[in-house]
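See below for the structure under consideration.
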Amino acid sequence: MIHFNDNSELAIVDTIFSPSLSVFLDAFPDALLLVDDQGMMRMVNLAAQKLTGYTHEQLLGKSIDLLIPARYRARHRHYEKAYFKDPRKRTMRNGRSFALLKQDQQEISVDIDLRPITISDQSFALVNINIANQQFQVEQELQEIEERLLLAKQAAGLGIFDLDLQHQIIYQDERMSEFWGEQSTRSCTYETFFSAIHPKDRALYQAALNKAIDPTGDGEFTIEVRVIQARSGSEKWINSIGRVHFIEGVANRVIGIAQDITKQKMLEKALQNFRSEEESLFKQQVAIHTASAIAHELNQPLTAISAYSEVALNILENNPNQRSKIKESLQNCVTQAQRAGDSLHELIASLHKADAHIENLDLNEIILDASHAVRSNGFSDFHQILQLESNLPTVSANRVQIKKAVINLLRNAVEAMSSANVTNSAITITVNTIAKEKLALVTIEDRGPGINPQIVHHIFDPFFTTKSTGIGMGLSISRALIEANGGQLWIDPHSTTGAKFYFTLPFTS
Ligand code: ADP
C-alpha cells in the first residue's frame, strides 16, 4: 500500500514497485521521479525520461545528482537530508526555479513539487518536475539575444561604453578600453578617458557630448576622434555612436558603441592624396596643352616672318635699290605678325569660359568663313569643291571654336598637298544632315598623299607630327574643340584618295 503521508489525493494499494505502479506513473503527463532517502531514483516515468533525455535504465538506481548541475549538488544534499527529517508536501515555485541537468548536459530551469510517500514502511519522495514555463522561455530567449548581440558585436569589432554623467565615470568593455589605449581601464574617470583623446579633437568631442546631453536635443551622440595610445604614441581613429538617457529631463547616462575606423581613415587619406595628385597632373596637362596651343598658333607666322625677313635682308645686301621688293617683304612680315596677334587673341577668347558661349550657327556659313580665313592667311594654294546642303538646320555651338577646328583641318590638307607637290590641289568639303541622329555631318577630303596606315592611329595624339616645323597639336586641339561642342571628329583610316576627315555637331534642339 502506498500512503501519501499528508493523507491526501491518492492511496494506491499495491506491493512495492509493482508493474501497475509504473504504468500508473507513466500515465502522468508531468515528469515524476520516485527518490529514496539516500537520493537514489527508484522509479521514473515516461515524461521524466523524455524531459531529461535519459532512458529508464540510465536513471533507475542512480543518484539524483545525475540531474543536478555539479555546482548545486552539495547544497542539494543538504536539502535532501533536511527534507527526509521532516517529510511533507512542498511546492517549490514562487519565482524560484531549479536547474536541471539534461543528458545532453544542457541546463533547463524547472519547478519542483515534493510529496512524501511511504511504501512498505520505507520513505520516498515523489518529485514532480515541471519546466519553469514562461520564465524559462524568457530566459532562453534573452540568452539567445545576448549571444546574438555578442556575436554581432564581435563580428563588427565594436566596443561598448556606458558613461555615468552624474559620477563622471565611464564603464567600458574589453574592446572599448583596448581602443582607448592603456591608460583607460574597464572603468575609469571621465577625465582619464578624455585625456586619451587627441588634443586637437578634444573640443570636438566635448561639443558633441554637450549637444547630445542637451535636454532640448535628440539625445544622439556621434563623433569621430583620434585616440592616442599612451605606450606607443600611435593614433587610432575611433567612431563613437551613443544615446543619452534622461531622468526627469536631466541627462543621466550615455550608452553607446565605438568602432576602430583607422584603416578606413587611412584609405580615405590615400584616396584624397591620389585625387590631389591626379588633379595636379590634370592641371599640368592643361598647362602643357595651353602652352602647346599657343606655340601651335605662333609657329606658322613666326616661320613666315623669319622667311620674309631673310628675303628682305637678302635684297638689302644684293639689290638695295629694289625698294618695292624690300617693302613687300616687310609688309608680309607685318601681316604675319598681325596674324599671330589675331590668332592668339582668338585662342584666348576660345579658352576663356565667358566667351565660349553657345549660339545657333549656320554651319555652311562657318565653313565659308574658315576657308576664307585660311586663304587670307597665306594658304590659298588650293581649289575648293563645296557640297553644302541647303536649308541645313542650325547647330548649337561656339563659333570661334568650330571655325578654329575647320581652319586646322583645311590648313593640314593644304600643307599635305603642297608638300607632296600635288598639282591639282583640291579640297572637297561636304556638309549634310544625319537626320536620324539629329546631327550635321561635315566631310573634309583632300587629294594629298593621305596618311600612312602605320601612323593613322596616332595622328590625334598630342605632339604627334611628321612635319619638320610641326608641333603636333592641331588635330588634338581640333578634336577637343569639336567634342566640347557635343560632336565628334575622326578620320577615315581606309581612304585611298587622300586624307578624309569627318566631324559631327548636334542640331539645335
Ligand atoms: P602638325 O600639323 O603640327 O603636325 P597635327 O596634329 O595637325 O599637327 O597633325 C598631326 C599629323 O597628322 C601631321 O604631322 C601629319 O602627319 C598628319 N596629318 C594631319 N592632317 C593630314 C592630312 N590632311 N594629310 C596627311 N597627313 C595629315
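Things worth noting here:
- Filtered residue count, the stretch 303-331, keeping only those that are of a type outside the set (G, A, S) and within 16 Å of the ligand (Cβ to nearest atom): 1
- Complete set of residues in the stretch 306-348 that are of a type outside the set (A, V, I, L, M), surrounded by fewer than 14 Cβ atoms within 10 Å (Cβ to Cβ), more than 60 Å from the chain's Cα centre (by Cα) and part of a helix (DSSP H, G or I): E310, N314, E317, N318, R323, S324, K327, Q331
- Checking V244 against (1) in contact (Cβ under 8 Å) with a residue 12 or more places away in the chain; (2) in a helix (DSSP H, G or I), the condition it does not meet: (2)
- Q300 falls short on exactly one of the conditions (1) within 16 Å of the ligand (Cβ to nearest atom); (2) touching a Cys at 6+ places or on another chain (Cβ under 9 Å); (3) not hydrophobic (A, V, I, L, M, F, W, C), and that condition is (2).
- Scan of the stretch 177-219 for residues that are in contact (Cβ under 8 Å) with a residue 24 or more places away in the chain, touching a helix residue (DSSP H, G or I) at 6+ places or on another chain (Cβ under 8 Å) and either farther than 22 Å from S234 by Cα or among the charged types (D, E, K, R) (or both), ordered by number: G219
- Residue selected from the stretch 461-475 under the condition near the ligand (Cβ under 7 Å from one of its atoms) and of a type in the set (A, V, I, L, M, F, W, C), by the criterion farthest from the chain's Cα centre (by Cα): I471
- In the stretch 26-39, the residues that are outside any loop (DSSP other than H, G, I, E, B) and in contact (Cβ under 8 Å) with a residue 24 or more places away in the chain: A31, L32, L33, L34, V35, D36
- So L361, is it within 19 Å of S476 (Cα to Cα), surrounded by 14 or more Cβ atoms within 10 Å (Cβ to Cβ) and either in contact with a strand residue (DSSP E or B) (Cβ under 8 Å, 6 or more places away or on another chain) or among the hydroxyl-bearing types (S, T, Y) (or both): no
- Selection of the stretch 378-411 for residues being without any contact (Cβ under 8 Å) to a residue 40 or more places away in the chain, within 15 Å of the ligand (Cβ to nearest atom) and assigned to a loop (DSSP other than H, G, I, E, B) yields only F379.
- Filter result for A370 (buried (at least 16 other Cβ atoms within 10 Å of the Cβ), at pLDDT 90 or above, within 25 Å of D446 (Cα to Cα) and not polar (S, T, N, Q)): yes
- Members of the stretch 412-456 that are under 47 Å from the mean Cα position of the chain (by Cα), in a helix (DSSP H, G or I) and near the ligand (Cβ under 9 Å from one of its atoms): V456
- Residue that is nearest to S419 (Cα to Cα), among those in the stretch 473-492 that are part of a loop (DSSP other than H, G, I, E, B) and in contact (Cβ under 8 Å) with a residue 12 or more places away in the chain: M473
- Residues that are modelled with pLDDT of 85 or more and not charged (D, E, K, R) within the stretch 88-109 comprise A99, L100, L101, Q103, Q105, Q106, I108, listed in sequence order.
- Considering only residues in the stretch 164-198 that are part of a helix (DSSP H, G or I) and hydroxyl-bearing (S, T, Y), the one that is surrounded by the most Cβ atoms within 10 Å (Cβ to Cβ) turns out to be S177.
- Considering the conditions (1) at pLDDT 95 or above; (2) closer than 24 Å to V395 by Cα, I459 is excluded by exactly one of them, (2).
The values are calculated or read from the model by the stated rules, or taken from the named source; none is laboratory data. All values reported here derive from a predicted model rather than from experimental measurement. Please note: Cβ atoms are built from the backbone with ideal geometry, for glycine as well, and neighbour counts cover all protein chains shown.
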